[in-house]
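Trainee: My questions all concern the structure below.
Just so you know, all these numbers are worked out from the coordinates, no wet-lab data involved. All values reported here derive from a predicted model rather than from experimental measurement. In this analysis, Cβ positions are derived from the backbone assuming ideal geometry, glycine residues included, and neighbour counts consider all displayed protein chains.
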Amino acid sequence: MSRTRRTLRWAAAASAVALTATGCNLVGSSEDDSGNDDASGENVTITVALVPDPPGASEFYRAQFDQFEEENPGITVEVVENPSDQQLNAVELMFQQGDPPDVFRAQADGFDRMYERGWTHSLEEFVTDEFIDRFPEGTMNPATSGLHRDGELYTLPLVTGKWDVRVLIYNEAVLRENGFDAPPETWGELEEMATTITQNGGGSVFGYAPTDGKAIAVEILAQTAAPSSVVSDGIDFRTGQPATASPGLVEAVELHRRMQANGAMVTGWESWDGARAFTEFAAGTIAMYPSAPWHVAEVRKLNPEIEMGIAPLPVPDDGRGGYTPMKQSFQPIWSMSAETENPEQSWAVMDFLASEDFHRAYYEEFGTLTAVESAWEDQAAENPDQSAILAAAEEGMRLVPNPILTGGGGAAILQARAQRPELKHTDAAVDAIINNKPFQPIAEALDAQIQAFLDGEVAAGTGTLDDITFPDWDPLENFTPEQ
Amino acid sequence: MASLHATARRPPAAGRPRAARLRRHAWSYVFLVPGILLFGGFSLWPLIASWWYAFFDWDGVGTPTDWIGLDNFREVLGSGAFWDAFWHSFAFSFAALVIELPLALVLAILLNNAWLRGRNVYRLALFLPVVTTTAVIGIVFAILLDPIRGVVNTALTDIGLADSPINFLGSTTSALPTLIGIDVWKGFGITLIYWLAALQTIPKDIHEAALIDGANSRQSLRFVVLPMLVPLAIVILLLVFQRSLNTFDLVQATTQGGPNYSTDVVPTYIYRFAFDPFLQAPRYGFACAAGAVFGLMTLLISLMQAPLLRGRYKAGAP
């Protein structure tokens with residue numbers, strides 16, 4: 001026994017010596033390893049949490065930050081990468097553990113998730129006229145920029161608001177082989193062309209794909225048929241009432257239900273992820289699908305020779321009832337942590353991320369139309385794909401009311417609605433399409449649930465129906481905040 | 001006699017002071033500390049904490065403060081989507097019990113035969129899927145079964161067994177059976193190993209005694225091997241049941257619960273509410289309640305098997 005004890009004591013002593021020698025202990029190093037040597041005027045490390053999206057972004061950001069470090073010798077940029085669908089949770093964990101990034105990417109609604117928790121730093125103190133002038137005139141208006149909250153700038157953009165446009169991507173060669181010399185302009189033409197192409201395709205070429213397993217194409221097309229708030233939230237902002245059963249949205253689902261029942265759509269779309277549509281399109285398997293514009297560059301990367309056309313979305317046979325919404329000038333992307341110990345240096349990094357040089361490099365690398373339009377507008381004018389995207393944005397987008405930007409009860413009600421994804425038409429529409437069920441009664445049932453939800457929120461004092469009602473809004477015209 | 005010796009060697013515990021006993025075994029307790037800490041920190045604490053969080057409307061950030069009592073549990077129990085996911089999870093377990101378990105036993109009996117040539121190669125081949133990453137298996141099967149250019153559909157249509165490609169993972173009727181089939185194939189190897197280990201606990205001399213008594217192979221299997229396997233079979237059954245009930249990675253890698261939630265299982269259901277980036281804020285409290293209800297249901301189903309299994313155990317125990 002005594003020998004065992006002696007051996008264990010020797011082992012413990014040896015371990016202690018080894019740990020001391022290597023500078024390790026159980027409560028952390030005694031030296032400040034945070035990289036924050038600002039007080040001594042030495043190097044400062046700024047942590048940037050971002051996502052490696054689109055493909056190749058990891059290398060791109062590192063190269064850009066290397067360049068930034070050369071131009072700013074006192075600042076080192078440390079990149080923390082998270083998968084796109086885990087970014088928000090990962091950043092939240094970093095905040096909770098007391099080790100938040102100095103700058104982080106929180107896109108669209110994800111920004112509000114961070115803002116509501118008080119984790120974002122106002123950027124007002126850093127903004128100069130030169131900074132505002134980088135962006136197109138009027139886009140940095142606090143009421144409509146999408147980057148301001150309570151009148152203060154809190155986040156910076158990466159892409160132009162026009163990038164929210166949705167387009168119809170089509171294979172010119174396939175259309176030509178099937179006797180069509182132009183893309184469809186109406187839903188009726190789309191259905192007819194898709195059916196013909198699939199019938200002629202012999203199981204290897206299909207006329208149409210609903211973009212992904214959630215049939216996001218329904219939402220994209222429905223935006224041409226109904227007010228955008230009906231499509232996004234199931235509520236008509238003109239009346240503040242539930243409207244999932246409005247004719248435009250119902251017909252968008254029915255169009256897809258008919259095409260599914262007739263076998264006009266590509267087989268197996270039900271299990272597609274977001275990347276499958278452009279992969280199959282590049283392979284020549286599908287002739288047409290509604291899409292976000294970033295698919296265009298991905299298709300070109302996969303198949304530079306493909307005869308790809310980009311057209312505005314087809315509209316209902318009885319005419320347009322809405323437009324792809326432009327809810328704000330920009331989508332939020334880059335935010336500064338409210339807990340950063342180095343706001344000046346963090347701003348330097350953010351200023352770089354909003355610089356014309358960075359935006360030009362991003363555009364040239366990924367073909368994305370970035371927020372600083374002067375970085376790409378000349379080149380885009382000469383690029384047929386990008387010109388077509390811009391033309392589609394011009395034709396197919398309109399400013400719409402956005403209660404989130406005004407804050408207050410409207411924002412609170414919509415945020416509560418976002419917590420109830422089952423109230424949105426998406427899952428019910430997929431069910432109707434796959435299982436060939438009429439959508440009208442399903443939509444009416446959803447509206448009853450939305451009404452109950454609204455009644456509950458109003459009763460709970462979350463907001464009033466007036467907060468989500470814009471009686472003067474015409475979905476066929478641009479909305480102005482004064483309305 | 002043996003028990004008398006044992007009693008004689010062991011001094012009566014009642015007469016020894018507790019402090020002396022603690023001193024005597026001090027090092028044993030010290031060595032237990034890391035295990036207790038790890039178990040407490042990574043098993044017990046999360047279990048208790050998740051139950052506690054289930055009583056809050058909590059998004060996972062900061063300390064939960066919005067106490068809502070049993071509301072999360074009521075919402076879980078009243079959710080059709082939860083029960084759909086539960087039955088899908090149960091379907092995985094049911095298939096494992098009625099297909100994988102007996103099939104693995106049959107193959108284990110064959111592969112336990114010393115006269116079978118190359119039996120180690122067969123064992124290796126059957127065990128390979130177990131050590132292959134499930135996500136990789138999911139992706140490979142999604143490619144193989146794809147209705148466009150998938151090898152399986154190409155073969156089926158070329159041979160003439162199918163007129164048109166089968167939408168294995170994209171159809172609400174075929175997706176769940178397809179995933180269950182992949183799960184059975186993936187888990188088959190480990191169940192086979194369980195059975196082989198169980199078979200090898202049966203002493204050879206019992207086999208030889210049965211042969212001397214004139215039993216043929218079938219009679220030896222029926223009256224010697226199977227009854228002796230029963231106690232271990234119960235353990236294997238519970239292990240297989242638990243493993244298959246918690247299928248997550250295969251579903252997440254192939255269908256993410258689709259199409260139209262037809263392959264949604266409870267773990268993917270919980271994952272969606274806790275981590276879905278499209279939710280304005282995660283619903284950790286609700287996800288914890290779903291996890292707690294699922295844990296209770298699993299326990300209940302396991303306990304329901306107990307009386308039956310206890311009877312079989314007593315009947316089969318040597």
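Trainee: Starting at 0 and stepping by 5 Å, how many percent of the alpha carbon pairs of region B:89-316 end up in each bin?
Mentor: Histogramming region B:89-316 at 5 Å steps yields 1, 6, 11, 14, 15, 14, 12, 9, 8, 5, 3, 1, 0, 0, 0 percent.
Trainee: Please name which of B:Leu97, B:Ser28, B:Thr178 has its Cα lying farthest along the dipole of chain B towards the positive end, using unit charges on Cβ (Lys, Arg +1; Asp, Glu -1) and the Cα centre as origin.
Mentor: The listed residue farthest towards the positive side: B:Ser28.
Trainee: Mind putting a number on the dipole of region B:89-316 about its Cα centre? Charges go on the C-beta only, +1 for Lys and Arg and -1 for Asp and Glu, and I need it in Debye to the nearest 20. Don't jump to the answer; show the numbers that get you there.
Mentor: Values: 14 positive and 11 negative charges, 118 e Å.
Dipole magnitude for region B:89-316 comes out near 560 debye.
Trainee: Let me make sure I get this right: for region B:45-168, a, b and c are the square roots of the gyration tensor eigenvalues over alpha carbons, sorted descending. Under 1.5 in a/c it's rounded, otherwise prolate if a/b > b/c, else oblate. Which is it? Write out the running numbers ahead of the final one.
Mentor: On the way: a/c = 2.73, a/b = 1.72, b/c = 1.59.
It comes out prolate by the Cα gyration axes.
Trainee: Once you sort the root eigenvalues of the Cα gyration tensor of region A:216-351 as a ≥ b ≥ c, which label holds: rounded (a/c under 1.5), prolate (a/b larger than b/c) or oblate (the other case)? Walk me through the numbers on the way to the answer.
Mentor: On the way: a/c = 2.48, a/b = 1.28, b/c = 1.94.
Taking the square roots of the gyration eigenvalues as a ≥ b ≥ c, region A:216-351 is oblate.
Trainee: Let me ask something else about it. Identify all lysines with a Cα-Cα distance to A:Lys424 below 19 Å; exclude those on the same chain that are fewer than 8 residues away in sequence.
Mentor: The reachable lysines, counting only those whose Cα sits under 19 Å from A:Lys424, are A:Lys214, A:Lys327, A:Lys437.
Trainee: Cβ under 13 Å from A:Glu191's Cβ, A:Glu191 left aside: what net charge do those residues give with Lys, Arg +1 and Asp, Glu -1? Spell out each step's value before the answer.
Mentor: Values: positive: A:Arg257, A:Arg258; negative: A:Glu185, A:Glu189, A:Glu192, A:Glu251, A:Glu254, A:Asp317.
Charge balance near A:Glu191 sits at -4.
Trainee: Still on this model: Please enumerate, by chain and number, the lysines with C-alpha under 21 Å from the C-alpha of A:Lys301, excluding those fewer than 8 residues away in the same chain.
Mentor: Qualifying lysines at Cα under 21 Å: none.
Trainee: In region B:89-316, if the dipole is taken from +1 on Lys/Arg beta carbons and -1 on Asp/Glu beta carbons about the Cα centre, which of B:Ile159, B:Asn246, B:Val140 is farthest to the positive end?
Mentor: Of the listed residues, the answer is B:Asn246.
Trainee: For region A:368-483, what class follows from the C-alpha gyration tensor (a ≥ b ≥ c being the square roots of its eigenvalues): rounded when a/c is under 1.5, otherwise prolate if a/b is larger than b/c, else oblate? Can you show the working numbers first?
Mentor: Working: a/c = 2.60, a/b = 1.50, b/c = 1.74.
Oblate, because a/c is 1.5 or more while a/b does not exceed b/c.
Trainee: Compute the distribution of all C-alpha to C-alpha distances in the protein assembly as shown, in bins of 10 Å from 0, and list the percent of pairs in each, rounded to whole numbers.
Mentor: Result, from short to long distances: 2, 10, 17, 21, 20, 13, 8, 5, 2, 1, 0 percent.
Trainee: Starting from the Cα of B:Lys204, draw a straight line to each of the lysines and keep only those under 25 Å, dropping any in the same chain fewer than 8 residues away.
Mentor: The reachable lysines, counting only those whose Cα sits under 25 Å from B:Lys204, are B:Lys314.
Trainee: Provide the FRET efficiency to the nearest 0.05 for the A:Glu172-A:Arg258 pair, computing r from the beta carbons and using R0 = 22 Å.
Mentor: 0.30
Trainee: Could you state, as a whole-number percent, how many of the C-alpha pairs of region A:51-133 are farther apart than 16 Å?
Mentor: Numbers: 2148 of 3403 pairs.
Pairs farther apart than 16 Å: 63 percent.
Trainee: Report, as an integer, the average count of C-beta atoms from other chains found within 10 Å of each Cβ along A:260-271. Numbers along the way, then the final one.
Mentor: Numbers: counts 0, 0, 0, 1, 0, 0, 3, 10, 15, 5, 11, 16.
Counting Cβ atoms of other protein chains within 10 Å of each residue's Cβ and averaging gives 5.
Trainee: Could you work out the mean count of beta carbons from other protein chains within 10 Å of each residue's beta carbon in B:250-260? Mind dumping the intermediate values first?
Mentor: Details: counts 0, 0, 0, 0, 1, 4, 3, 0, 10, 13, 13.
The per-residue average across the peptide is 4.
Trainee: I would also like to ask the following. Report, to the nearest 10°, how far helix A:408-418 tilts away from the longest principal axis of the Cα atoms in chain A, using its own Cα long axis and a range of 0 to 90°.
Mentor: 80 degrees
Trainee: Also: Rounded to the nearest 500 deg cm²/dmol, what is the calculated helix-only ellipticity per residue at 222 nm for chain B, with -39500 (n - 2.57) per DSSP H run of length n ≥ 4?
Mentor: Numbers: 17 runs with 212 residues, N = 318.
My calculation for chain B gives -21000 deg cm²/dmol from helical runs alone.
Trainee: Given a 10 angstrom Cα cut-off, can you work out which residue in B:Ser89, B:Ser43, B:Ser28 is the most mobile in a GNM of chain B?
Mentor: Maximum fluctuation in the GNM of chain B, among the listed residues, is at B:Ser28.
Trainee: Now, a different point. Rounded to the nearest Å, what's the spacing between the alpha carbon centres of region B:118-149 and region B:42-95? Just the number, please.
Mentor: Centre-to-centre (Cα) distance: 33 Å.
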